[in-house]
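See structure below.
The values are calculated or read from the model by the stated rules, or taken from the named source; none is laboratory data. Keep in mind that what you see is a predicted model, and the values were worked out from it rather than measured. Cβ coordinates were reconstructed from backbone atoms using ideal geometry, including for glycine residues, and neighbour counts include every protein chain displayed. These accessible areas exclude ligands, DNA and RNA; they are computed on the full protein's heavy atoms, side chains included. Shrake-Rupley method; radii C 1.70, N 1.55, O 1.52, S 1.80 Å.
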Amino acid sequence: MTLSDDSHCASHQGFRVEPLLRAVNEANLQRFCDEVQQAIDTELDQYKEHLKAQSQSLLAERLKSLGEQRSRLETRERELAFRAAEVQAREQSLDLEKQRMMGTNTPDDVLHINVAGQQRCQILRSTMCAVEGSMLAAQFSGRWDDGLKRDDQGLIFIDYSERIFMPLLDCLRQKVRETSKERATLPSVPDAHWDAFVSMARHYGVLEAICPASMKVYGGSRLSAVQLHRESGHVNTHGIWATVGLYGKTGCEEYSITIGELDLPQVGWATIRARPEPDTLGTGDDPESWAIDGKRHCYWHNALKTPADIAWEAGATVRCVLDRVECAMRWLVNGKEVYKNKAPIVEHAVLYPMVTGTGTWTFTSYRL
């Protein structure tokens, strides 16, 4: 055999070996893929079982928690129902006690009164109870009739002079009939007896109801632009530096305002002799008024400016209090005292709330 023959034979043998190798490799590859797929499927099955077990565990825990919450809610519901039943029983008991104490008394009862032995009068029980929540209304509600003082003829005895008690009855009669358009008038009491009347009305708890303070703009006709909302106590000066006060025959013991967008503010007190003028004289600019200023950080009296650590922002509450014991005026901002001025006039004088400024503020409360 020649060399060329050997080469020709080898080429034929190589041609036959390559397909065999390819077949073997393909078989091995398929087997490897099958093994990998089987491993993946096994891993997935195990993971699914793990997730299923974990989900069942979480679900069981959640159901247990919900069951406990439901049990607590049911217990709370039973407690509330029991308490509601207790409250209802107490209310019924109080109603029965009230009926027992009032007996046959009704709002239409006519009460026969002896006023200090000076005058006898008759008045409806409902009129005496016109100011709800007052001591006067409680005293004459019918629940305490057995405890009322009476004269030897059985008339209810009032130990106040007719000069101050009879005007109170007139105010109460008006109070019963007043409407939003027709308000009760202030009591007609001589100046010599006014302090005694105020003391009696305060004792009975009806002073604010029969002598309410009203907002008043101080100044000339150009102040007609100043807007007062008498129901809410809101003031808007519409660009004018104006003074607004709470005016009433009794004066006030304290009051509060909420600061809005207010420039050049002067918040304080004044006697009836104070004479503020728009754009020129405000609260604290004469001998008859006193004020603090949270913008310019000072105290004002008789147009004199005394620097003080006083400051506030929009929304602050300024409370002004007369301390009759220490004869002092006290100012508090958001509940913290910022200024105290001792003045002998505080002991006995009738003083009125007075606020000067440009912008808005609201009278939120007052006490006569």
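At a glance:
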read-out	value
Farthest toward positive dipole pole in the chain [+1 Lys/Arg, -1 Asp/Glu at C-beta], among Ala311, His348, Met166	Met166
222 nm mean residue ellipticity, helices alone, for the chain (DSSP H n ≥ 4; -39,500 (n - 2.57); rounded to 500)	-13500 deg cm²/dmol
Listed peptides 323-331, 193-201, 71-79 by packing density, highest first (mean Cβ within 10 Å)	193-201, 323-331, 71-79
Assigned charges on the beta-carbon of Lys, Arg, Asp, Glu; the chain dipole about Cα centre (debye)	1540 debye
Cα radius of gyration and Dmax for segment 67-196 (Å)	22.3, 76
Where the Cα pairs of the chain fall when distances are cut into 20 Å bins, in %	20, 29, 21, 9, 7, 7, 5, 2, 0
Folded to 0 to 90 degrees: helix 191-204 orientation relative to the chain principal axis, Cα	40 degrees
Within-14-Å neighbourhood charge of Met135 [Cβ basis; K, R +1; D, E -1]	0
Length gained when the stretch Ala343-Asp170 is fully extended (0.36 nm per residue, less Cα-Cα span)	58.6 nm
Directionally averaged shadow of segment 292-342, computed from the convex hull of its alpha-carbon atoms, nm²	3.6 nm²
D_trans [Stokes-Einstein, Kirkwood Rh over alpha-carbon pairs] for segment 317-366, 20 °C, 1.002 mPa s, µm² s⁻¹	178 µm²/s
Restricting segment 223-298 to GluC sites (Glu not before Pro) in coil, as DSSP defines it, with at most 15 other Cβ within 10 Å	Glu231, Glu253
Electrostatic dipole magnitude of segment 24-182 [Cβ: Lys, Arg +1; Asp, Glu -1; Cα centre; debye, to 20]	900 debye
Stretch gain in nm, segment Val350-Gln227, where the contour uses 0.36 nm per residue and the Cα spacing is subtracted	41.6 nm
Centroid-to-centroid separation of segment 142-179 and segment 294-318 [C-alpha atoms, Å]	46 Å
Rounded accessible area of Asp263 (nearest 10 Å², 1.4 Å probe)	90 Å²
Given charges at Cβ of Lys, Arg, Asp, Glu: segment 148-209 dipole, positive-most of Val189, Val176, Ile156	Val176
Over segment 110-175: Rg over Rh, Cα atoms, Kirkwood Rh	0.93
Surface share of carbon and sulfur [accessible, 1.4 angstrom probe, percent] for segment 109-200	47 percent
Acute angle (nearest 10 degrees) that the helix 162-177 long axis makes with the longest principal axis of the chain, alpha-carbon atoms	40 degrees
Stokes-Einstein translational diffusion, segment 232-368 - Kirkwood Rh over all Cα pairs, 1.306 mPa s, 10 °C, in µm²/s	110 µm²/s
The chain - accessible surface per residue (Å², probe 1.4 Å)	62 Å²
